[in-house]
Structure formats: structure tokens, C-alpha cells
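Here's the structure, in C-alpha cells; my notes come after.
What follows draws every value from the coordinates through simple rules; no lab data is involved. All values derive from a computational prediction rather than experimental measurement. Cβ sites come from the backbone with ideal geometry, for glycine too, and all protein chains shown count toward neighbours.
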Amino acid sequence: MRRRHELLVSPSFCLSGLVLLLALSARAQRQAQTDPSEVAALNAMFSRWGLRASTAWNISGEPCSGAAVDDTDIDSDNKLKLGIKCVCSYNVSTVCHITQLKVYALDVVGQIPAELQNLTYLTNLNLAQNYLAGSLPAFLGKLTRLQYLWASDNEFTGKIPDYIGSLSNLTDLRIGDLTGEVSSLAFVANMTSLSTLYGDIVCYLTTFY
């Protein structure tokens, strides 16, 4: 007589599995949200500069929405002078990080706010054609993912910071119009990805040989 083996599964185990599947399904369907620390940083910066987020991308109070996550190219859109782009694939597509910030030709005055250093996922930063002043802050060196840094046509003073050379992912650097001190371009030697160097920065060439 052949013995039949039966696999017994308790009802509680089945129920737990169902609950887990429902939880994962609900999580997948929930809209990804911007990292709270980045939202706070963005709000603080805009407050200092007297700016308001555009409804083109800040839909219902969620920064990473609309033009921030669709196929809009904010670099080429001249009407969109204030914008962000986000990547929302983090933490099983539930968290968005801001990867691009554009504050272009808005007559912004003052210094670059310290809160910018909290946007650590930035790959593209465009602050060109404003009235930003002071020296380029050291915390910019923490934004190691940067590939594009546009900060020309402002009123920055001082030398080109040495930390620029440590931003090894930079491919496009536009940081001209620094006044007040002579700078060296020796930092470029270690920037193997750099393909574009633009601005009055070339006028300060001293020891880069």
C-alpha cells in the first residue's frame, strides 16, 4: 500500500502571506515621494531667495511630480527658469531624489544657501545669470555626483576653490566671472571626465602647465 504524504499548511501562515502580498502591492501602487530632507532643503533655499516652486512640477505640494519626472528637458525649456528633475526609483520606487536644480536668470541675490549641500543626489546644477555673490562655498565639494555645474554670469569673488578638482564626475564646468584674486587652473589636471570649460575663468590661467 502506497503511503500518501500531505503537506499541511496552517491557516495563519496563509493569512500572513496574503497580508504580505497585499502590503507589497499597496506599496508598489503608492506614488513615490520626495525625500523629506531634500524637500526641506529646497523650501529653505527658495525662501532665502524669495522664490516659489512652479506648479509645472510642484503638483499638490509634491516637488517630484509633473515636469520634474516626465520627459520635459528643463535645460532647453527657456520658459522654465526655475525647475527640478527627480529620479524616483529608490527604495522600491517609493522615494524620489532631486537630481537636477535649475535657478536660471531669475535675478537671485545673496550667497548660495548652505541647504544646497543636502541635495546630495544632484548631477546637474544650474545657477547661471543671477546676482549670487561671495566665494564659492566649500560644501559644493560634497556634491560628488555633479556632472554639470553652471554658475557663470554671477558676482562671485575669490579664487577658484581647489575642491573643484575633486568633482571627478564633472563633464561641463561653467564657473566664470570670479573677481578679486588670481586663480590657478591646475585642478583641471585630475578631471578626466571634463569636456567643457567655459567662462572668464580662462583669464586666470597661471600655473596649469
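Can you compute the charge dipole magnitude of the stretch 32-204 about its Cα centre, using +1 on each Lys and Arg Cβ and -1 on each Asp and Glu Cβ, nothing else charged? Give it in debye, rounded to the nearest 20. The dipole of the stretch 32-204 has a size of about 200 debye.
When its C-alpha radius of gyration is set against 2.2 N^0.38 Å (N residues), the stretch 32-204 gives a value of 1.02. Across the stretch 53-190, C-alpha contacts under 8 Å between residues 6 or more apart give a mean separation that, scaled by the residue count, equals a relative contact order of 15 percent. DSSP bridge analysis restricted to the stretch 32-204 gives an antiparallel fraction near 30%, rounded to the nearest 5.
Treating each Cα of the stretch 40-134 as one equal point scatterer and applying the Debye formula with no solvent, the log10 of I(q)/I(0) at q = 0.10, 0.13, 0.18 Å⁻¹ comes out as -0.24, -0.42, -0.81. Taking a straight Cα-Cα cut-off under 29 Å and skipping sequence neighbours fewer than 8 places away in the same chain, the lysines within cross-link reach of K85 are K102, K142.
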